[in-house]
Each structure stands twice: as C-alpha cells, then as structure tokens.
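The values are calculated or read from the model by the stated rules, or taken from the named source; none is laboratory data. Just so we're clear, the structure is a prediction, and the values are computed from it rather than from any experiment. Positions of Cβ are generated from backbone atoms using ideal geometry, with glycine treated the same way; all protein chains shown enter the neighbour counts.
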C-alpha cells in the first residue's frame with residue numbers, strides 16, 4: 001500500500017500510466033457523452049411542464065456536477081501536497097483548475113439560459129446561484145495565485161491552502177437548496193431515493209455525466225503530462241522521451 | 001506515519017474543522033438574509049417587514065387566480081398549505097405560472113397584508129415527467145376510468 005503511494009508520487013511512473021490510460025478515457029468519454037447528449041436532446045420525452053427547454057439539463061447537470069467533483073479532488077490533492085509534499089498532487093491541482101473554471105462557467109451559463117424561459121429571469125441572488133458563482137471565483141483565485149508566485153514550492157503550498165479554505169463552499173452549494181429558500185429547485189437525484197424523473201430521462205443524463213467524467217480524466221492526464229514534462233525537463237528520462245519521439 | 005507528517009495532517013484537519021465551524025456559524029446567523037423569500041406563514045405571523053422590498057414565495061393556491069379582463073393585473077393567493085397571502089401583480093407572467101405551481105414574487109407588503117408585486121418568477125420543482133405520464137396521473141387522481149389507472153401503476157414503477 002505505501003509502496004503504491006510512493007510510486008504514485010513518481011512523475012515518471014504516472015507519465016507512463018497516463019499514456020496507456022488516455023486512449024481509453026478519450027474513447028469512452030466521447031462515446032458516452034455523445035450517446036447521452038444525442039439521446040437526451042433528440043429522443044428523450046419532453047417535460048410536461050417545461051416542454052423542450054428542460055433538455056438543457058443534459059448539459060447543465062453534468063457540467064455543474066463535475067465542476068464540484070473537480071474541486072473536491074483538488075482539495076484531496078491539496079491535503080496530500082501539504083502533508084506529504086507530493087509533487088504530483090500539486091501538478092494535478094495546477095492542471096485541473098482551468099478545467100474546473102470552464103465547467104463552472106458552463107454550468108452558470110446554461111443555467112441562466114434555462115432560467116430565462118423557466119423562471120423568468122437570467123440571474124437571481126439565491127443561495128445556490130451565488131455559491132456556484134463563488135466556486136467560479138475560487139477557481140479563478142487558485143489559477144491567479146499559482147501564477148502570482150514564482151517559486152514552485154511556495155506556490156504549491158499557498159495554492160493548497162486556498163483550495164482547502166474554499167472547500168467549505170462545496171457542501172454549501174450542495175445543501176443550499178435544502179437549508180434555505182431558493183429559487184433553484186432541490187436535487188432531482190438523491191442517493192437514497194429513486195430519481196423523480198422517468199428512466200428515459202435519467203439514463204441519458206447518467207450517460208452524459210459518466211462521459212464527461214471520462215473526458216475530464218483524459219484532459220487531466222493530458223494537462224498533467226504537459227506540466228510534468230515542463231517541470232522535469234532537466235531529467236534524464238524526459239530527455240530520452242523527447243529524443244525518442246523525435247527519432 | 002512520520003511524526004512531521006502527522007503534525008501537518010493535524011494542522012490541516014484543525015484548519016478544516018475551524019473553518020467549517022466559522023462558516024456554519026456565520027451562515028446560521030445570516031440565515032434570514034440568505035433565504036431568498038419569506039413564506040406565507042412568516043408573512044401572516046408578522047415576521048416580514050411592511051413596505052420594504054421583499055420577496056414572498058410559495059404555491060399559487062388552486063382556484064385563487066383572478067384576472068382583470070381590461071388590463072394585465074392579476075390577483076392570486078400564495079400558500080404554503082399553512083397560511084396564505086393575497087398577491088396582486090401587473091405585468092407579464094412567466095410561462096410556467098399556473099395554479100398549483102411554485103412562484104417567487106418581489107414587491108412590498110402593504111398595511112392591509114396584501115403583497116403588491118412588481119416581479120413574479122416561476123419556481124420549478126425537482127420533478128420531471130413526460131406529458132403522457134402527467135396526463136395519466138391527473139386522470140388517475142380524478143378516478144375517471146380503470147384503464148388510465150393501470151397506465152399510472154405502470155408509469156409509477158419507473
């Protein structure tokens with residue numbers, strides 16, 4: 001177990017694993033996401049109340065869900081950075097923060113597009129929307145803080161602390177719709193209950209969530225590899241790798 | 001585990017627990033500000049300020065909607081099945097506005113306990129279903145015929 005943990009800390013070892021994983025992640029992600037989106041947008045039944053406009057759920061929910069998952073993963077990586085000083089954990093945080101930023105923005109944007117016809121407004125300062133906006137700023141802050149500090153090690157620690165401080169926002173996003181009165185509706189999916197929508201709607205939704213997860217995995221591997229190559233550019237194995245690629 | 005790492009882990013855990021408590025207390029203290037709207041029970045209990053711009057939210061009571069034929073003015077009651085508040089509004093309503101649906105209205109409470117709204121937003125619930133299922137459910141609720149009841153028992157098993 002500990003040996004595996006230490007191996008995981010080796011950028012070279014991760015680089016190899018990532019190279020082998022990436023084609024599968026990409027293929028699976030594209031396949032599932034396409035299936036989910038096409039099924040959801042073209043074949044799923046329309047909603048009795050909202051008609052076709054509810055279909056934005058097939059993009060809104062996956063982006064919002066994974067934007068929050070990424071932040072939780074970043075928080076775990078931040079603990080690893082602070083406690084074990086593992087370089088790879090910092091590489092992960094640095095590599096995925098922009099992905100999280102983009103997904104959070106997409107979730108807010110699709111939500112606004114849906115909100116206009118459904119609620120009658122693009123934006124309202126309710127607890128769910130506001131806490132999600134804070135998540136967007138947190139991602140922005142993480143990226144900015146990382147860029148602002150030149151020394152790699154100090155940047156890693158500062159960013160890890162910021163990520164940890166921000167993680168309290170995640171349960172607030174999740175439970176905002178239950179703790180307070182909000183315009184945003186409560187979750188349709190709960191772990192303990194059957195989803196309050198028919199299978200024709202939730203299966204494509206589940207497919208797009210899984211697909212986006214896999215695509216995120218692919219993107220994370222790709223961005224981490226790039227970051228590793230940059231950081232380890234003076235090492236023997238990177239030189240060998242680059243030379244082999246050229247020859 | 002290495003003692004230094006153990007120490008760092010403890011510090012990290014303390015940081016998280018401390019932050020969690022601080023945020024929990026802050027949001028608890030600010031809960032009335034974070035709540036988007038007052039519900040009808042709060043308004044009828046006099047908890048909502050009079051003549052201040054606030055939001056009121058709840059369900060549009062069945063059979064309470066009265067439209068003025070000559071203008072866009074509409075009157076309805078907002079209920080939480082415990083208390084209800086009369087609302088009047090002039091303007092365009094969102095498509096989802098209907099009796100039995102959730103709404104959030106922004107406006108002022110006047111001295112007579114009437115809520116004069118200048119904006120009405122529809123609140124959607126977490127339930128989604130195809131139109132046929134909704135029809136079948138409605139028919140079953142009215143107990144019109146056995147065929148549709150069978151249809152709903154099928155759809156409930158989703």
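Looking only at residues of the range A:31-51 that are surrounded by fewer than 18 Cβ atoms within 10 Å (Cβ to Cβ) and more than 11 Å from chain B (Cβ to nearest Cβ), we find that the one that is nearest to residue A:220 (Cα to Cα) is A:31. Residue check: residue A:119 meets all listed conditions (1) modelled with pLDDT of 95 or more; (2) within 30 Å of residue A:38 (Cβ to Cβ); (3) more than 15 Å from the chain's Cα centre (by Cα) but one, namely (1). Only one of the numbered conditions (1) surrounded by fewer than 17 Cβ atoms within 10 Å (Cβ to Cβ); (2) in contact with a helix residue (DSSP H, G or I) (Cβ under 6 Å, 6 or more places away or on another chain) is violated by residue A:171, and that is (2).
Which residues, taken from the range A:165-206, are closer than 26 Å to residue A:76 by Cα, under 23 Å from the mean Cα position of the chain (by Cα), in a loop (DSSP other than H, G, I, E, B) and more than 8 Å from chain B (Cβ to nearest Cβ)? Selection gives A:189, A:190, A:191.
Being exposed (fewer than 15 other Cβ atoms within 10 Å of the Cβ), modelled with pLDDT of 80 or more and touching a strand residue (DSSP E or B) at 6+ places or on another chain (Cβ under 8 Å): is that true of residue B:102 here? Before the answer, list the steps.
On the way: exposed (fewer than 15 other Cβ atoms within 10 Å of the Cβ): no; modelled with pLDDT of 80 or more: yes; touching a strand residue (DSSP E or B) at 6+ places or on another chain (Cβ under 8 Å): yes.
So residue B:102 fails the test.
For residue B:149, the conditions (1) at pLDDT below 85; (2) within 14 Å of chain A (Cβ to nearest Cβ) all hold with the exception of (2). Where helices (runs of 4 or more DSSP H) sit wholly within the range B:1-109, those with at least 2 residues that are away from chain A (no Cβ under 11 Å) and within 23 Å of the chain's Cα centre (by Cα) occupy B:40-44. Within the range B:31-78, being free of Cβ contacts under 8 Å to residues at least 40 places away in the same chain and at positive phi holds for B:46, B:63.
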